[in-house]
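First up is the structure itself, then whatever we jot down about it.
The values are calculated or read from the model by the stated rules, or taken from the named source; none is laboratory data. Computed from a prediction, not measured in an experiment: that's the story for all the values here. All Cβ positions, glycine included, derive from the backbone under ideal geometry; neighbour counts span all protein chains shown.
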Amino acid sequence: MFEPRLYRSQVLAKDLQSFEVKVNETDLFICASNDLTSVAYERVHIYRNQLEMFIATYPVFLKSFVPIEVPDSAPDIAKSMAEAAKIADVGPMAAVAGAIAEHVGRDLLNYCDEVIIENGGDIFIKTNVERKLGIYAGDSPLSNKLAVLIKPEDSPLGICTSSGTVGHSVSFGRADAVVVFSKNTSLADAAATKTGNLVRSKDDINEAIKFAQSLPGVEGVIIIAGDGLGGWGKFEFMSA
């Protein structure tokens, strides 16, 4: 898991400018080619307001743990969350952190050519150089021992994490870290949640990987449960 505080202290992109944007529950750490704090605040407020207004008239969106259909009048960010949830078979709020990271990130790319946004351990990245991201997995002996190499040609990319042992997000599994890679950050977030729900112990890793492989749009997954480790995809893993 790209645990927020650990990520912010250990994987800081020193060639980029970094800043934080906090609006209620949304807590973004952003690295970009230039300081875009004011623009990022504006975009976060816009997307949060869109979601809050939609939920006020469609409260099932907030409460459902299963996929739901949303009306054509729903904002694009809600539609992206609902579509990701349908693919992964979870509720739409399982995709909220990834959705906000990607929507804000893509907007910031109108003002810069590189951006990394971390939102509660979920990441949207567009990079022009190779970057190594370490994987935090709570009390697992493998925590902070592994990293993944992100190449420019693989970005923009979503890298999202679910954990049953770290953080406050809802998970019905016991994985220390399930990291999913997808061009669609909403999907990466939703898929990480569902895949994580399937892991009660390291004996479940192989079946959970098969599930992640079956989801259209998922490009890779790595699962850590205790001292168990499994992965699939085109991404290069290495020692942190």
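Annotations
- Taken residue by residue, the stretch 86-95 has at least one member that is within 30 Å of Ala13 (Cα to Cα) and touching an Asp or Glu at 6+ places or on another chain (Cβ under 6 Å).
- Test for Gly164: is it farther than 14 Å from Ile123 by Cα, in a loop (DSSP other than H, G, I, E, B) and at pLDDT below 95: yes
- Every pair of residues 6+ apart whose Cβ atoms lie under 6 Å, when the first sits in the stretch 49-65 and is in contact (Cβ under 8 Å) with a residue 24 or more places away in the chain while the second is small (Gly, Ala, Ser) and assigned to a helix (DSSP H, G or I): Phe54/Ala78
- Residues located in the stretch 195-238, provided they are within 20 Å of the chain's Cα centre (by Cα), surrounded by fewer than 18 Cβ atoms within 10 Å (Cβ to Cβ) and among the acidic types (Asp, Glu): Glu236
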